[in-house]
Structures are given as C-alpha cells and as structure tokens.
Amino acid sequence: MNPMQAALDYAATAGLETYDIADRAAWLDRRKSDVTASVVGTLVTRHDYVTPFELYCMKHPDTRDTAHDPEETPAMRRGRILEVSHIALLQEERPDWTIERGTHYFRDPVGRSGATPDVLAYDPTRLGYGVVQLKNVSEY
C-alpha cells in the first residue's frame with residue numbers, strides 16, 4: 001500500500017475528516033476555523049509571533065481576523081514555493097523510500113484541529129509509515 005492510502009485508511013478508522021486539496025483557496029478556507037500546525041504552538045505558549053488571544057481572534061467565527069492571520073509569512077511562502085525541490089532532494093537522498101507529496105488535509109472535527117503533511121513516506125527498514133515536514137532554515 002502506498003503512504004497516502006495508508007494515511008487515508010487510518011484517518012477513516014480514527015474518525016478524522018479528509019479533504020483533497022483541490023486548490024489553494026479552498027484549502028485555506030477549509031482550515032480557517034481550525035488550529036493547524038502553523039499556530040498549534042500558541043496553545044502551549046510556544047509561538048514566537050501569535051499570542052493565545054490573537055489565535056482566538058483568528059479562529060473564532062465572531063472575531064475572525066484574517067488580515068492578521070499568519071498562515072503564510074514570507075518564510076512560509078518560500079517553503080511552499082521550494083517544496084518541490086525539497087521533495088526531489090529527499091527522493092535523491094532516500095532512494096529506497098516510497099515518498100508521496102501530501103495531497104490531503106486531515107481534520108479532527110471534535111478538536112477543530114488539522115494538518116496537511118508535506119510528505120508521507122515509507123521506509124522499508126522501519127515499521128509503518130511516516131510524515132516528513134519540510135522546512136527552510138534560511139531566507140537565502
């Protein structure tokens with residue numbers, strides 16, 4: 001089984017909702033009321049740019065503040081654009097892995113949290129499947 005199918009099968013048994021990422025606007029709209037990986041650190045006061053009150057204002061329907069939503073900072077934009085090259089590099093460095101770009105948003109409707117894995121992977125030397133999150137460490 002491929003990594004994406006394994007993730008979708010697990011989500012179905014765990015009661016998670018899954019949404020195919022048809023286009024960027026639909027994906028952003030789907031995430032607007034959820035606590036996502038971009039801001040989850042705020043819940044434990046470990047986010048450098050978003051306070052708990054700002055998170056509340058961003059996600060609550062009565063106070064949604066999309067103008068200040070840090071869903072795409074300049075660093076995140078670079079990461080999105082460079083993601084294709086990062087995946088190519090990962091495939092070159094790990095030729096024995098089965099690697100698939102994340103194509104779905106996974107959502108817990110009860111906890112109103114969700115995530116879109118950058119890459120789903122299978123390493124034949126390990127048990128199970130994994131998620132690889134791609135990050136840029138420098139603007140250069």
List every residue pair whose Cβ atoms lie under 9 Å apart, where the two residues are 6 or more positions apart in sequence or sit on different chains, the first residue falls within region 1-24 and is without any contact (Cβ under 8 Å) to a residue 40 or more places away in the chain, and the second residue, located anywhere, is part of a helix (DSSP H, G or I). 1/9; 24/80
Is at least one residue of region 41-49 in contact with a Cys (Cβ under 8 Å, 6 or more places away or on another chain), charged (D, E, K, R) and farther than 17 Å from residue 131 by Cβ? no
Could you list, in sequence order, the residues of region 92-113 that are of a type outside the set (Asp, Glu), open to solvent by less than 90 Å² (accessible area, probe 1.4 Å) and closer than 26 Å to residue 138 by Cα? 99, 102, 103
Residues of region 22-46 satisfying the condition of being part of a helix (DSSP H, G or I) and open to solvent by 90 Å² or more (accessible area, probe 1.4 Å): 30, 43, 44
The correct count of residues that are in contact with a Phe, Trp or Tyr (Cβ under 9 Å, 6 or more places away or on another chain) and surrounded by 13 or more Cβ atoms within 10 Å (Cβ to Cβ) in region 114-131 is 10
Does residue 45 count as without any contact (Cβ under 8 Å) to a residue 60 or more places away in the chain, at positive phi and of a type in the set (Ser, Thr, Tyr)? yes
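The values are calculated or read from the model by the stated rules, or taken from the named source; none is laboratory data. In this text, all values refer to a predicted model and were calculated from it rather than measured experimentally. We place every Cβ from the backbone using ideal geometry, glycine too, and count neighbours over all the protein chains shown. The area values use the complete protein model at the heavy-atom level, side chains included, leaving out ligands, DNA and RNA. Shrake-Rupley method; radii C 1.70, N 1.55, O 1.52, S 1.80 Å.
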